[in-house]
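Note sheet for the following structure.
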Amino acid sequence: MSEQDKTGYPGFFLTIEGGEGAGKTTSIEFISAWLKNQNIDFVQTREPGGTPLAERIRELLLAPGDERVADMTELLMMFAARAQHLESVIKPALAAGKLVLCDRFTDASFAYQGAGRGLSMKSLSVLESLVQGGLRPDMTILLDLPVEVGMARASGRGELDRIELEKMDFFVRVRQGYLSRAAGEPDRFEIVNAAHSIQQVQDALKAVLESRVNHG
Ligand code: T5A
């Protein structure tokens, strides 16, 4: 927490990722309670969204509709929302030395728009550098679980959004996309088995937080 990261921000950027119904919301509630308990100053936010404008982009992205959203449009809207979110929320908080707890970030674009939709990873990397410069998460918790389990949980919650209406093979590619990102950056990623019970997931999260957030 106290060390400056490679981009010069004194804060700590923690992102949570996972497929549909992986339990991000449930896990973020637990992480946020843990951070409060440790008296760590943090900002909780999400993508797409996190600012009034970015939340409007989120609504446009997730609402089911008759007009098919082109893959490139979807990608650029994710990054448009991200650019706004970075300038208004993430960078100021990191500059103030805070921990930023973010529900999804650019790994989601690589998993959904890259692996899921099949857009070129090279184009994604170009956008990532354009929008973020050198800013990357300090740590990413990937909640991993079989697609069928996640979809069953997501469906149990009510109406599905536009992306959740995709077919099973799309989500299989998304999961593989996440796992391959994690394999490529093992120091940044912590993979938590999200198919386990809520208690087991929380025990795993606590262990990760105690080893990586409390001690820098
Ligand atoms: N997206 C996002 C992109 O395509 N590209 C991008 O760049 C970005 C940033 C919205 C969508 O945007 C896409 C990905 C998404 O499709 P979202 O709202 O963050 O992103 O995504 P969702 O996956 O839709 O988030 P959800 O809120 O729907 O799911 P969660 O938060 O993962 O799951 P949660 O915690 O609500 O849990 C689901 C249910 O399961 C239960 C919970 O009680 C709940 O009922 N549950 C468990 N049950 C048993 N055992 C456990 N361990 C459980 N954990 C939770």
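The values are calculated or read from the model by the stated rules, or taken from the named source; none is laboratory data. What you see is a predicted model, and the numbers here were worked out from it, not measured in a lab. With ideal geometry, Cβ positions are generated from the backbone for all residues, glycine too; neighbour counts draw on all protein chains shown.
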Within the stretch 86-108, the count of residues that are without any contact (Cβ under 8 Å) to a residue 60 or more places away in the chain and either in contact with a Gly (Cβ under 7 Å, 6 or more places away or on another chain) or crowded, with 24+ Cβ neighbours inside 10 Å (or both) comes to 2
The number of residues in the stretch 164-202 that are free of Cβ contacts under 8 Å to residues at least 24 places away in the same chain and within 11 Å of the ligand (Cβ to nearest atom) is 4
Residue hits (the stretch 70-105; farther than 18 Å from VAL43 by Cβ and of a type in the set (S, T, N, Q)) are THR73
Of those in the stretch 119-145 that are farther than 15 Å from ARG181 by Cα and of a type in the set (Gly, Ala, Ser), the residue surrounded by the most Cβ atoms within 10 Å (Cβ to Cβ) is SER123
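Select from the stretch 44-60 the residues that are basic (Lys, Arg) and in contact with a Gly (Cβ under 7 Å, 6 or more places away or on another chain) and list them in ascending order. Write out each step before concluding.
The initial filter retains those residues of the stretch 44-60 that are basic (Lys, Arg), namely 46, 56, 58.
Of everything in the stretch 44-60, just one residue is basic (Lys, Arg) and in contact with a Gly (Cβ under 7 Å, 6 or more places away or on another chain), namely ARG58.
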Filtering the stretch 72-90 for residues that are of a type in the set (Gly, Ala, Ser) and either at pLDDT below 95 or near the ligand (Cβ under 9 Å from one of its atoms) (or both) leaves a count of 1
Original post:
Out of all the residues in the stretch 183-204, is one or more assigned to a loop (DSSP other than H, G, I, E, B), closer than 18 Å to GLY50 by Cβ and in contact with a helix residue (DSSP H, G or I) (Cβ under 6 Å, 6 or more places away or on another chain)?
Top reply: no
Within the stretch 6-42, restricting to residues that are farther than 22 Å from ALA204 by Cα and crowded, with 16+ Cβ neighbours inside 10 Å, the one that is modelled with the highest pLDDT is GLY11
Considering residues that are of a type in the set (Asp, Glu) and touching a residue at least 24 places away in the same chain (Cβ under 8 Å), the number found within the stretch 133-159 is 2
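Could you grab me the full set of residues in the stretch 127-162 that are among the β-branched types (Val, Ile, Thr) and under 20 Å from ASN193 (Cα atoms)? Talk me through it step by step, then tell me what you get.
If we filter the stretch 127-162 for residues that are among the β-branched types (Val, Ile, Thr), which is where we start, we get 131, 140-141, 147, 149.
Once the filter is applied, which keeps residues that are among the β-branched types (Val, Ile, Thr) and under 20 Å from ASN193 (Cα atoms), the stretch 127-162 yields THR140, ILE141, VAL147, VAL149.
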Of the residues in the stretch 205-216 that are part of a helix (DSSP H, G or I) and either at pLDDT below 95 or not hydrophobic (A, V, I, L, M, F, W, C) (or both), the one that is surrounded by the fewest Cβ atoms within 10 Å (Cβ to Cβ) is SER211
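Hey, could you check the stretch 147-160 for residues that are loosely packed, with under 14 Cβ neighbours inside 10 Å and in a loop (DSSP other than H, G, I, E, B) and say which is modelled with the highest pLDDT? Working first, answer last.
Initially, the stretch 147-160 is screened for residues loosely packed, with under 14 Cβ neighbours inside 10 Å, giving 148, 152, 155-159.
Subset that is in a loop (DSSP other than H, G, I, E, B): 157-159.
Working: ARG157: 78, GLY158: 78, GLU159: 82.
Once the filter is applied, the top-ranked residue is GLU159.
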How many residues of the stretch 161-182 are part of a loop (DSSP other than H, G, I, E, B) and at pLDDT 95 or above? The answer is 0
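Sort through THR51, THR106, THR45 and tell me the only one that's at pLDDT 95 or above, within 8 Å of the ligand (Cβ to nearest atom) and of a type in the set (Val, Ile, Thr).
On the way: THR51 fails: within 8 Å of the ligand (Cβ to nearest atom); THR45 fails: within 8 Å of the ligand (Cβ to nearest atom).
Residue meeting the stated conditions: THR106.
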With the first residue restricted to the stretch 32-54 and required to be at negative phi, and the second required to be part of a loop (DSSP other than H, G, I, E, B) and within 15 Å of the ligand (Cβ to nearest atom), Cβ contacts under 7 Å at 6 or more apart or on different chains are ARG46/ARG104; GLU47/ARG104; GLU47/PHE105; ALA54/PRO48
